[in-house]
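Each reported figure results from applying straightforward, stated rules to the coordinates on display, with no laboratory input. The structure displayed is predicted, hence computed values, not measured ones. Every residue, glycine as well, gets a Cβ built from its backbone with ideal geometry; the counts of neighbours run over all protein chains shown.
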Protein chains: 4
Amino acid sequence: MAALRVTVWNEGRHEQVHEEVKKIYPDGMHNTIARSLREKGFEVRTATFDEPNHGITDEVLSQTDVLTWWGHMLHNQVEDRAVDLVQKYVLNGMGLVVLHSGHESKVFKRLMGTSCDLKWREAAETERIWVSDPGHPIAAGLGDYIEIPHEEMYGEPFYIPTPDDQIFISWFKGGEVFRSGCTWHRGRGKIFYFRPGHETYPTYHNPEVMHVIANGIQWVAPNEGAKISGRHHVVPIEPLPKE
Amino acid sequence: MAALRVTVWNEGRHEQVHEEVKKIYPDGMHNTIARSLREKGFEVRTATFDEPNHGITDEVLSQTDVLTWWGHMLHNQVEDRAVDLVQKYVLNGMGLVVLHSGHESKVFKRLMGTSCDLKWREAAETERIWVSDPGHPIAAGLGDYIEIPHEEMYGEPFYIPTPDDQIFISWFKGGEVFRSGCTWHRGRGKIFYFRPGHETYPTYHNPEVMHVIANGIQWVAPNEGAKISGRHHVVPIEPLPKE
Amino acid sequence: MAALRVTVWNEGRHEQVHEEVKKIYPDGMHNTIARSLREKGFEVRTATFDEPNHGITDEVLSQTDVLTWWGHMLHNQVEDRAVDLVQKYVLNGMGLVVLHSGHESKVFKRLMGTSCDLKWREAAETERIWVSDPGHPIAAGLGDYIEIPHEEMYGEPFYIPTPDDQIFISWFKGGEVFRSGCTWHRGRGKIFYFRPGHETYPTYHNPEVMHVIANGIQWVAPNEGAKISGRHHVVPIEPLPKE
Amino acid sequence: MAALRVTVWNEGRHEQVHEEVKKIYPDGMHNTIARSLREKGFEVRTATFDEPNHGITDEVLSQTDVLTWWGHMLHNQVEDRAVDLVQKYVLNGMGLVVLHSGHESKVFKRLMGTSCDLKWREAAETERIWVSDPGHPIAAGLGDYIEIPHEEMYGEPFYIPTPDDQIFISWFKGGEVFRSGCTWHRGRGKIFYFRPGHETYPTYHNPEVMHVIANGIQWVAPNEGAKISGRHHVVPIEPLPKE
């Protein structure tokens with residue numbers, strides 16, 4: 001089986017303007033993620049906000065099986081053209097993995113139809129990500145939970161459509177809970193949202209987190225479906241009475 | 001209990017430019033729908049594409065419990081401002097009933113996140129709308145099915161997110177099937193899509209169709225929910241260790 | 001509107017054999033729950049394991065709009081006849097509210113089809129029940145969460161079919177999370193599972209807990225649906241060709 | 001990848017007592033299905049009602065990745081022991097494909113929790129099975145629909161829990177519709193129901209029908225999940241205050 005072709009999209013601005021983020025991800029969060037995924041056997045390219053067209057073009061997406069998306073500061077500056085294109089490809093079968101603050105990206109909100117709002121707090125607190133659907137392939141190889149010593153808190157209510165699968169639910173030391181691993185189908189495409197990944201903590205250096213992201217990529221990867229005719233205006237199959 | 005306040009939105013253009021539609025709905029489809037709903041005890045106003053701001057303003061929506069939406073020719077000319085406003089109100093609890101060709105409206109596609117595409121044919125054929133969820137309040141008072149002698153055909157695949165409730169499925173004489181009554185939750189709001197209603201047939205004069213629309217309005221009506229604080233950036237409830 | 005007729009079912013054995021439980025519920029947990037519900041305007045009767053037929057008969061259920069179910073020690077001694085009867089009534093529209101350890105009752109497992117297993121611990125720890133679906137009528141009138149100072153812990157994975165609505169998720173001081181408020185549709189009936197209620201803590205004296213149970217009863221109450229013919233072997237509606 | 005191990009279960013009684021069925025399936029429907037699946041590369045064994053323990057034992061199921069189930073006349077004579085065992089294996093990850101009149105089997109009703117009732121008619125009429133979820137792997141390789149010239153009719157309402165995926169919807173010449181391809185998750189297991197297959201028509205000789213069954217087997221096949229500890233009574237992870 002040919003390797004899955006993954007495009008890792010990263011806003012990439014925190015790494016330029018915040019020293020503490022630069023220390024954790026010296027050549028950008030996308031390259032940390034990409035290296036880990038390459039080691040796992042994926043064929044990976046990266047794209048960032050600062051590239052022409054944000055690196056989101058027909059040429060790139062037509063060669064992408066799965067797109068991962070991390071953004072934060074510049075959500076509202078992402079061009080609608082790029083959002084339209086990502087939506088089009090997802091509806092046609094491209095997989096999408098939305099990471100952490102990507103919950104508020106135009107791309108995710110476009111596909112969900114809701115505000116995707118939540119509560120939050122930066123307090124370097126413990127997050128314990130419980131497996132709530134142990135039979136799900138995205139949980140393959142995990143134990144009862146993943147523990148991350150320092151993360152940003154996200155709390156309910158998370159304003160999303162009811163997920164198709166509820167794979168992970170997080171516990172936070174400070175007292176909140178969050179649906180931190182969720183999936184949805186949209187058209188022929190599959191979407192996986194995975195919560196952890198605040199830029200000031202080394203979350204994407206965590207092997208268990210990268211294991212889940214890899215599982216998620218496998219799970220949202222496109223599959224063969226029906227060869228629908230594509231005709232919209234159709235003639236009757238059965239004979240109709242003359243009026 | 002005070003009457004539900006319903007705003008019936010209609011594009012209203014076919015009635016101006018097509019003689020056969022004008023005959024069926026002399027003062028516009030919205031007025032036919034509104035009269036029927038008033039007889040059933042709703043407090044009804046109407047709004048159309050040609051009004052300033054399409055009649056979709058904060059003043060109108062803040063006094064609307066449920067909005068019904070019929071459009072066709074002018075979908076792409078509906079202002080994004082109006083779409084943004086409808087989405088905002090639905091996410092805050094306003095009910096939405098989307099009728100027939102409203103499946104391709106900006107409003108519906110915004111809330112679904114998908115293309116909402118389907119097959120279609122105008123051949124004045126029989127539609128038989130089967131009840132697939134007999135316990136659902138939207139089916140209250142119906143028998144096994146509703147039969148409409150002449151309708152436009154809509155056929156699967158219908159590119160929508162999996163509905164929360166699948167209340168009706170249509171059979172068409174010419175050989176197709178369609179998920180013709182579906183619901184979704186989005187934020188605090190509820191949405192009901194109901195298929196029949198092609199402009200060249202007298203569908204909104206059909207008492208059973210209007211009965212379902214009235215049931216749908218009751219079902220998507222806002223309800224009291226939790227009084228969430230609305231704070232997004234929150235402090236810990238439990239004591240956190242000093243780092 | 002006539003008052004909803006609620007039957008509060010309680011195993012009722014802990015109150016007989018454990019002193020600490022007897023102190024909290026001197027005349028049985030069912031009577032504590034029933035009194036609270038009567039104050040809220042429901043028409044309430046009770047039934048317990050020790051009554052003939054466990055108090056679950058056609059006569060009782062035919063006059064019951066909503067049944068609530070609490071059991072624990074004697075799950076396996078509940079007669080299958082009673083389970084069959086409850087299932088039959090739920091599928092025909094009777095509402096069911098399953099409380100706490102009722103998660104492992106024959107009644108709940110019959111309607112879910114799964115093991116309904118979970119993790120647990122008795123350590124008198126804090127439970128914080130977060131509202132994850134603020135627009136849901138079962139959350140009406142609540143704030144961001146309910147806090148219970150001392151409860152038994154239930155932890156994920158909870159082996160249930162994906163709930164239709166995910167209304168509450170619990171945080172536990174000891175480190176776990178749990179989907180503590182869930183709904184399902186089965187036939188014409190609606191089911192609400194609500195987690196708190198361990199027999200050694202005064203949970204059913206907590207006004208917020210009783211408020212949620214009352215909301216749940218309202219929500220699962222039967223509604224009018226379609227008048228389906230009930231014929232199973234049917235003749236063609238459309239003419240079929242002679243073979 | 002090792003071949004999937006499939007056990008094809010068949011009641012096998014119609015073939016003994018009805019001449020017309022014997023003509024279509026001279027050595028039993030199970031052998032027709034098994035031969036087709038072997039040609040597609042599965043490792044197949046069969047089991048029937050008349051074998052000791054109906055051929056449903058720990059020895060068989062522990063070596064089964066996916067079980068297919070066809071029954072009709074003898075549903076109520078299937079031993080509860082066998083039903084318990086199938087449920088246990090499905091909840092632990094074994095896939096289950098339920099065929100045609102298996103909708104009323106004890107096995108299917110146990111896993112659904114509902115009556116699984118429907119309307120029916122034997123009139124050798126055309127069934128057109130539309131693809132409603134073209135991106136689903138179970139629809140892979142199909143066109144817009146499958147047409148079967150002569151089948152038994154099944155009609156809505158079909159009393160099942162809302163399916164996770166709605167892959168196929170059938171149109172019947174005589175005027176009805178039916179949700180003919182549905183999936184559910186139960187525990188770690190996946191279930192696919194596929195409608196066609198009345199014993200008096202040569203449906204399991206139809207290559208498209210067998211293609212869908214093979215797709216279904218692939219889709220419900222077990223997958224690796226999380227390695228959950230299996231402990232139910234657990235100690236706190238976080239320190240709890242002394243009371």
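Tabulated values for the structure
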read-out	value
Rotation relating C and B, chain B residue nearest the axis via C-beta, angstrom	B:ASP164, 3
MRE, 222 nm, helices only [DSSP H, n ≥ 4, -39500 (n - 2.57), over chain C, to nearest 500]	-6500 deg cm²/dmol
Rg and Dmax [Cα atoms of the range C:89-163; Å; Rg one decimal, Dmax integer]	14.4, 40
Gaussian network model of chain C, Cα within-10 Å springs - most flexible of C:ARG110, C:ARG179, C:ARG81	C:ARG81
Antiparallel %, DSSP beta bridges [both residues in the protein assembly as shown], to 5	55 percent
Spatial separation of Cα centroids for the range C:148-189 and the range A:115-164, in angstrom	15 Å
Pairwise Cα inverse-distance average, inverted: Kirkwood Rh of the range A:181-239 (Å)	14.9 Å
Relative frequency of Cα-Cα separations exceeding 11 Å in the range B:76-123, percent	71 percent
Relative contact order %, chain D, counting alpha carbon pairs below 8 Å whose residues are six or more apart	20 percent
Debye log10 I(q)/I(0) at q = 0.13 Å⁻¹ for the range A:141-243, Cα point scatterers	-0.60
Degrees between helix C:207-220 axis and first principal axis of chain C (Cα, 0 to 90, nearest 10)	0 degrees
Beta bridges per DSSP with both ends in chain C, % antiparallel, nearest 5	55 percent
Proximal lysines relative to B:LYS173, as straight alpha-carbon distance under 22 Å, when same-chain residues fewer than 8 apart are discounted	A:LYS242, B:LYS119, C:LYS242, D:LYS119, D:LYS173
Mean separation of Cα contacts under 8 Å (6+ apart) over length of the range C:63-119, as relative contact order %	44 percent
Cα-based reach from A:LYS22 at 13 Å (exclusive), listing aspartates and glutamates while leaving out same-chain residues under 8 positions away	A:GLU199
Within the range A:20-163, percent of DSSP bridges classed antiparallel, to nearest 5	70 percent
Ranked D:HIS100, C:HIS185, criterion: other C-beta atoms within 10 Å, fewest first	C:HIS185, D:HIS100
Whole-angstrom gap from the range B:215-239 to the range A:42-97, using each part's C-alpha centre	32 Å
HN-Hα J in Hz across the range D:26-43 - Karplus 6.51, -1.76, 1.60, θ = phi - 60°, x for Gly and Pro	x, 10, x, 4, 4, 6, 4, 5, 4, 4, 4, 5, 4, 4, 8, x, 7, 9
Alpha carbon convex hull of the protein assembly as shown, projected area averaged over orientations, nm²	39.5 nm²
Label-point separation, D:SER62 to D:HIS205 (7 Å along Cα→Cβ), nm	4.0 nm
Interchain or long-range residues, amide H under 5 Å from A:VAL97's placed H	A:LEU67, A:THR68, A:TRP69, A:PHE192
Using a 7 Å Cα-to-Cβ projection, C:GLY230 label spacings across copies, nm, ascending	4.9, 5.2, 5.2
Paired Rg and Dmax values of the range D:1-74, which use every Cα atom, in angstrom	12.6, 41
Using θ = phi - 60° and Karplus 6.51 cos²θ - 1.76 cosθ + 1.60, couplings along the range D:16-22 (whole Hz; Gly, Pro as x)	8, 10, 10, 4, 5, 6, 4
Global form of the range D:126-172, assessed from the alpha-carbon gyration tensor, a/c cut-off 1.5	oblate
Cα-projected label distance for A:ARG45 with D:GLN77, points at 7 Å along beta-carbon direction, nm	6.5 nm
Residue-by-residue Karplus 3J(HN,Hα) for the range A:137-145, coefficients 6.51, -1.76, 1.60, Hz, glycine and proline x	x, 5, 8, 3, x, 7, x, 5, 7
Cα long-axis angle, helix D:80-91 against chain D (0 to 90 degrees, to the nearest 10)	70 degrees
Residues in the range A:195-219 that a label on A:ARG38 would reach, taking backbone N under 18 Å of a point 7 Å out along Cα→Cβ	A:204-206, A:210-211, A:214
Cβ-Cβ FRET estimate between B:GLN16 and A:LYS227, R0 fixed at 41 Å, reported to 0.05	0.50
Taking the range A:3-70 and dividing mean pair separation by its residue count, relative contact order in percent (alpha carbons under 8 Å, at least six apart)	50 percent
Among D:VAL220, D:VAL60, D:VAL212, residue whose mean-square fluctuation peaks in a GNM of chain D (springs only between Cα atoms under 10 Å)	D:VAL60
Two-decimal Rg to Rh for the range D:1-150 - Kirkwood Rh, Cα set	0.96
Position D:ASP84, label points 7 Å along Cα→Cβ, spacing to each other copy in nm (shortest first, one decimal)	1.8, 6.2, 6.3
At 7 Å out from Cα toward Cβ: A:LYS23 inter-copy label distances (nm, ascending)	5.4, 8.0, 8.4
Whole-Å semi-axes of the ellipsoid equivalent to the range D:143-199 (Cα gyration tensor, √5λ, descending)	22, 12, 11
Gaussian network model of chain C, Cα within-10 Å springs - most flexible of C:ILE191, C:ILE213, C:ILE146	C:ILE146
